[in-house]
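The values are calculated or read from the model by the stated rules, or taken from the named source; none is laboratory data. Only a predicted model underlies this, so the values are computations on that prediction, with no experimental measurement involved. Every residue, glycine among them, receives a Cβ derived from its backbone with ideal geometry; neighbour counts consider all protein chains shown. Note: areas computed on protein heavy atoms with side chains; ligands, DNA, RNA excluded. Shrake-Rupley method; radii C 1.70, N 1.55, O 1.52, S 1.80 Å.
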Amino acid sequence: SLLFDGSDDRVTAAIPPTPDLSSSGFTMMAWIKPTLATAGIVVGRSLTYLQVDTNGSLYHNIRLSNASDYVVNPANVVLKAGEWAHVAVVYGADNISRFYVNGKEVYASGVNPNPSLVTAGGAFVTAGSYYNGGIIGNPFPGYIDDAVVINEGLATAQIEQHFAETKSDYLAIK
């Protein structure tokens, strides 16, 4: 895992062009151990990302092709500082964002914008902050490991399987 200081750290990887996400959806997930000192982005593509706020709540920002944002913020999903958690958000071709914590779906919400406006984000995947045109924002404080962005909306069983296959690496660590 990598420790992010919450001020200027990030990992960036270039990626190839992606398909139209309105038909395939996408998945963002990672193992995290937040300090909750500041709000911070876990993983994303430019301004489409999964973030943890200072109160431990998760939210998902979706950048639209008209340069506006759509935010999904489930009030009932709260993480604890200093504890490992497997977090995921899936935006499906059904136009629903689903949040998962430790392999369990904890929230689902229809996304109001026209699905054709949902963009794939930039040409970079980042962990620890967003990267947009040379600007770094919302740096994450804490540990991030096994961060992935997948160009399809994974099914619940696939999220559960990923959690089950990796949990022994994290939940035994304090």
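Numerical summary
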| read-out | value |
| --- | --- |
| Qualifying residues in region 89-114 (those that are in contact (Cβ under 8 Å) with a residue 60 or more places away in the chain and aliphatic (A, V, I, L, M)) - the one most open to solvent (accessible area, probe 1.4 Å) | ALA93 |
| Test: residue in region 75-88 that is farther than 21 Å from TYR170 by Cα and buried (at least 18 other Cβ atoms within 10 Å of the Cβ) | no |
| Among (1) part of a loop (DSSP other than H, G, I, E, B); (2) in contact with a helix residue (DSSP H, G or I) (Cβ under 9 Å, 6 or more places away or on another chain); (3) among the hydrophobic types (A, V, I, L, M, F, W, C); (4) modelled with pLDDT of 80 or more, the one test that LEU171 misses | (2) |
| Among residues of region 76-100, those that are among the aliphatic types (A, V, I, L, M), over 19 Å from ILE32 (Cβ atoms) and assigned to a loop (DSSP other than H, G, I, E, B), counted | 1 |
| Number of positions in region 65-94 that are touching a Gly at 6+ places or on another chain (Cβ under 6 Å) and farther than 18 Å from VAL42 by Cα | 2 |
| Failed item in (1) over 24 Å from TYR143 (Cβ atoms); (2) under 14 Å from the mean Cα position of the chain (by Cα), with PRO74 passing the rest | (1) |
| Residues of region 106-143 satisfying the condition of being modelled with pLDDT of 75 or more and under 14 Å from GLY25 (Cα atoms) | GLY110 |
| Matching residues in region 151-170 - criterion: being surrounded by 15 or more Cβ atoms within 10 Å (Cβ to Cβ), more than 23 Å from SER24 (Cβ to Cβ) and in contact with a Gly (Cβ under 9 Å, 6 or more places away or on another chain) | LYS167 |
| Checklist (1) touching a helix residue (DSSP H, G or I) at 6+ places or on another chain (Cβ under 7 Å); (2) open to solvent by less than 10 Å² (accessible area, probe 1.4 Å) applied to PHE26, failing item | (1) |
| Residue that is modelled with the highest pLDDT, among those in region 31-50 that are closer than 22 Å to ASN151 by Cβ and either open to solvent by 50 Å² or more (accessible area, probe 1.4 Å) or assigned to a loop (DSSP other than H, G, I, E, B) (or both) | LEU47 |
| Complete set of residues in region 51-74 that are in a strand (DSSP E or B), open to solvent by 20 Å² or more (accessible area, probe 1.4 Å) and without any contact (Cβ under 8 Å) to a residue 40 or more places away in the chain | TYR59, ASP69, VAL71 |
